[in-house]
Amino acid sequence: MQSWITSLSDRLTDRRALRRWTRFARDAGNVDKPTLRQSRVRARQLRQQLDEVLFTADSRLALPLLGSNTFQKPLHSDWAHRPQAWRGPLEPTGVASAQNATSFGGEVKLFHDCPLSEVSIRQVRNTRESDLAPFGVSLEAFGFEGSFLSLAIELPDSATEGLHRNHIVRLSVTSQVERPIGVLARLNIQHGPNHEQLSENKTLGNGEATFEFDLAYSNMNEKRVQKMWVDLVFGDPEMNQTTLRDLTLYRYPRAEI
């Protein structure tokens with residue numbers, strides 16, 4: 001009974017507060033500046049708390065579930081991975097005016113040479129029925145005057161365990177864009193003092209794009225592989241918002257001829 005009374009009291013308080021802010025929003029153009037300034041401070045404090053509640057509620061209530069690692073894997077895959085930025089919540093959830101070499105979580109780093117740093121990156125909650133990843137990563141560039149904009153995605157040690165030249169590494173990206181954007185995907189393999197690179201160009205639109213890297217065309221020393229990472233280099237990013245709704249990697253042996 002006590003909880004019901006408390007709940008009813010809270011609802012009545014919320015209704016009164018909502019009516020008060022509704023009136024103030026209607027009359028804000030006519031109040032004196034000192035009152036307007038005080039109300040702005042209170043409104044910002046209130047908005048911060050409301051935004052936190054909404055973000056947490058959306059994260060807990062929306063599908064897919066947090067930590068979900070569900071995705072379709074190619075036949076005979078012996079390794080698959082979805083980076084943390086697409087799998088679980090990050091703190092902070094975004095960076096405005098991001099500087100060069102800005103880390104975003106433990107596996108993703110943003111690189112660019114825009115002198116004004118008119119680039120932002122943030123994590124967004126996926127809520128579409130077609131989404132398999134709990135989160136997406138949104139990249140937005142405004143008056144971009146640099147020559148390159150890229151994301152470097154570090155892969156775990158398991159990516160290189162048992163790695164052979166008969167493997168194919170596949171990168172699958174599901175994107176949502178304001179306008180189509182060209183992307184160079186580059187697989188980097190460090191083996192001993194040497195650095196091997198395989199790359200492929202695609203245009204990202206609204207949908208899925210797949211990049212495949214056949215290690216048979218590399219000079220990788222299988223016995224000295226140390227680490228592997230992926231670069232996504234975006235072409236002409238100015239005044240465009242690119243949201244990577246999902247990003248997954250797979251490894252499977254190539255068919256023997």
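The values are calculated or read from the model by the stated rules, or taken from the named source; none is laboratory data. The shown structure was predicted, so the numbers you read here are calculated from the model rather than taken from an experiment. Neighbour counts are summed over all protein chains in view; Cβ atoms, including those assigned to glycine, are modelled from backbone coordinates with ideal geometry.
Scan the range 191-229 for residues that are over 26 Å from S138 (Cβ atoms) and among the β-branched types (V, I, T) and the total you get is 1. When the residues of the range 1-23 are narrowed to those that are modelled with pLDDT of 80 or more and among the hydrophobic types (A, V, I, L, M, F, W, C), which ends up surrounded by the most Cβ atoms within 10 Å (Cβ to Cβ)? Only one residue fits best here, namely W21. Residue pairs whose Cβ atoms lie under 7 Å apart, separated by 6 or more positions or on different chains, with the first residue in the range 87-109 and farther than 18 Å from S150 by Cβ and the second in a loop (DSSP other than H, G, I, E, B) and β-branched (V, I, T), do not occur.
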